[in-house]
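K.L.:
This is the structure, below, for whatever I ask next.
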Amino acid sequence: MSSFKIRPRFKQELRGTKEHIEQKIIDGMKKKEEMFLVHHVPGHLYIKINTKNQHFWSPQLHLTLEQESDHVIIRGLYGPNPTVWAIFFFGYVALGILSLFLGMWGLTKWSLGLDASVLWSLPVFACIALILYLSAQAGQKLGAQQLFDIHHLYEKIMDDHIQVK
């Protein structure tokens, strides 16, 4: 799993029923209850780090199970807590919108020969975006061991090697 992958994912096909596979995963995770929590909604499983071991950057695994005729397709998505994901997403959106409008305003003033010192905000916004990116990368490194722990336990429960993309 490379650090360049923002939200690593995988896809797995297994023979059986969705309910049987869901129960297999839940039972396997319950054996490690001191380390992991499992939240179950039919068709979806959320595997998280136990609250006593959680920190701001702790990852989680979201599994989606879809029943096809005689097999089940499991899609796994690793990522941070949705709150952390939302903070970074809205941070980038806010920076993008501010950059767009201040850039248009500054370039308009510049084309009219007026003082366009507002354009100096663009490099500042670029530095803030770089800081956001670097902090996300640092957070990903801090949560990497927990992500590997979740992944290896999932592989052990499924008794299969799963290639993460």
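K.L.:
I want to confirm something. Restricting to the stretch 55-84 and keeping residues that are surrounded by fewer than 16 Cβ atoms within 10 Å (Cβ to Cβ) and closer than 16 Å to A144 by Cα, which single residue is modelled with the highest pLDDT?
P.N.:
The selected residue is L77.
K.L.:
Return yes or no: is L63 aliphatic (A, V, I, L, M), in contact (Cβ under 8 Å) with a residue 24 or more places away in the chain and under 23 Å from C127 (Cα atoms)?
P.N.:
No.
K.L.:
If you check I47, I87, which single one turns out to be hydrophobic (A, V, I, L, M, F, W, C) and touching a strand residue (DSSP E or B) at 6+ places or on another chain (Cβ under 8 Å)?
P.N.:
I47
K.L.:
Which residues, counting only those in the stretch 32-60, are closer than 20 Å to H161 by Cβ and over 21 Å from the mean Cα position of the chain (by Cα)?
P.N.:
Result: K32, single match.
The values are calculated or read from the model by the stated rules, or taken from the named source; none is laboratory data. Just so you know, these numbers come straight off a predicted model, no measurement behind them. Counting neighbours? That spans all protein chains shown, and the Cβs are built from the backbone with ideal geometry, glycine included.
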